[in-house]
Every structure is written in C-alpha cells, then in structure tokens.
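S.K.: Mind looking over this structure? Questions follow.
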Amino acid sequence: MRGGSEHHPELQRALPGISQRMLTLTVRRLERDGLVHRTVHPEVPPRVEYELTAMGHSLTHLLRSLADWSADHRAAIAESRLRWDAANPLP
C-alpha cells in the first residue's frame, strides 16, 4: 500500500511468493489491528480495496528505517550466519 488503495491482486503481485491464503490472513489481521481499512464495492464480482489507516501510515517511517538497516547490514548478517552454521552443524 504505497500511498493509495490497493486491490488484492495488486498486493499479491507486490509480494512475490506469498500465497493467497497467507495474504488474506495477514490483511485480515492488519484490518483487525486497525492498520488497514477494507472497502468492498458492490459489484459483480465484488471489488475489494485496502488502504492504510492513519495508524498504519504512522508505521511507514519505522518500517523504512528497518528496511534500510537490514540493507546496510545484509553482508554482516550473512557472514555471521555462515560462521554460526559452520560452528553449529545440523545433526
């Protein structure tokens, strides 16, 4: 949800690899938590739009910061995982 409303297929395209069921469960949880507003348009077939609420928008800067931190530390995390995996082999 990049600023406007999104339809379910658009969300699924924006999140490659997510199953329809997992996307539906996640969006429902976000709606329940008050982070997403769902609008069902009375059409055949029904058209559903999702939009961030004010509270949902208030999280965007935090998520961007987390994504930036993750990108900045990706190499160090990968190296740490390799070292840990070498020291802790699976049985």
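S.K.: Within the range 80-89, is there a residue that is at pLDDT 95 or above, surrounded by 11 or more Cβ atoms within 10 Å (Cβ to Cβ) and farther than 18 Å from Glu10 by Cβ?
M.R.: yes
S.K.: Let me ask something else. Can you pull out the residues in the range 18-71 that are assigned to a strand (DSSP E or B) and either free of Cβ contacts under 8 Å to residues at least 12 places away in the same chain or surrounded by 11 or more Cβ atoms within 10 Å (Cβ to Cβ) (or both)?
M.R.: Answer for the range 18-71, where residues must be assigned to a strand (DSSP E or B) and either free of Cβ contacts under 8 Å to residues at least 12 places away in the same chain or surrounded by 11 or more Cβ atoms within 10 Å (Cβ to Cβ) (or both): Val36, His37, Arg38, Val40, His41, Arg47, Val48, Glu49, Tyr50, Glu51, Leu52.
S.K.: Another question, if that's okay. Give all pairs with beta carbons closer than 9 Å in which a residue from the range 1-15 that is under 16 Å from Leu30 (Cα atoms) meets a residue that is at pLDDT below 65 and not aromatic (Phe, Trp, Tyr); count only pairs at least 6 apart in sequence or on separate chains.
M.R.: Leu11/Met1
S.K.: When you check Leu11 against the structure, is it outside any strand (DSSP E or B) and either modelled with pLDDT of 85 or more or among the aromatic types (Phe, Trp, Tyr) (or both), yes or no?
M.R.: No, not satisfied.
The values are calculated or read from the model by the stated rules, or taken from the named source; none is laboratory data. Since we're looking at a predicted model, the values are computed, not measured. For neighbour counting, all protein chains shown are included, and Cβ atoms are generated from backbone atoms with ideal geometry for every residue, glycine included.
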